[in-house]
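Quick notes on the structure that follows.
The values are calculated or read from the model by the stated rules, or taken from the named source; none is laboratory data. If you're wondering where the values come from, they're calculated on a predicted model, not measured in any experiment. For neighbour counting, all protein chains shown are included, and Cβ atoms are generated from backbone atoms with ideal geometry for every residue, glycine included.
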Amino acid sequence: MVDDKGLSDVSTDALENELRRRMRQLETLEQKRDRLLSQLRDVESEIEVLAGSTELGALQAKLRRRTRRRPFNEMSLEDALAKALTGRTMTVTQVAEAVLLAGYKTSAENFRTIVNQTLINSEKFKRVSRGRYTVSD
């Protein structure tokens, strides 16, 4: 901070020159800031294209770090489905619920889809009608 005594020795012209110099410096810094903000927006756009969005990119990174443990079951899904379907015909949803009620553990968010694929791909099961299965003979 400059005291009043120090300013009294400075001419008005010198003060005006110093003020102009600082205003030019301020303009230069503001232009630099605007260029940097523009570059930042460009980088953010590139990130959004690659990751979907910056928030999504952060979420994906977080999910990659998280480990998911697979539950242990005494029998395979195929065997559990065969046990639930023995002597019966059920829809995919019904057999998926029956297997879960019997104690089969899963961490799958799309368990019904997994059950459906198992019923389609396994030779243990026979399709009776659309979406209805039983155990093969």
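Couple of notes before you dig in:
- Cβ pairs under 6 Å, 6+ apart, first in the range 72-83 and without any contact (Cβ under 8 Å) to a residue 40 or more places away in the chain, second surrounded by 14 or more Cβ atoms within 10 Å (Cβ to Cβ): N73/Y104; A80/V99; A80/Y104
- Taken as a whole, the structure leaves V135 outside the set of residues that are under 32 Å from the mean Cα position of the chain (by Cα), modelled with pLDDT of 95 or more and of a type in the set (A, V, I, L, M, F, W, C).
- Set side by side, the residues R88, R20 differ, and just one is outside the structural domain of L119 (by TED's automatic domain parsing), at pLDDT 80 or above and either part of a helix (DSSP H, G or I) or touching a strand residue (DSSP E or B) at 6+ places or on another chain (Cβ under 8 Å) (or both), which is R20.
- As for the range 112-119, it holds no residue that is in contact with a strand residue (DSSP E or B) (Cβ under 8 Å, 6 or more places away or on another chain), modelled with pLDDT under 95 and either surrounded by 12 or more Cβ atoms within 10 Å (Cβ to Cβ) or at positive phi (or both).
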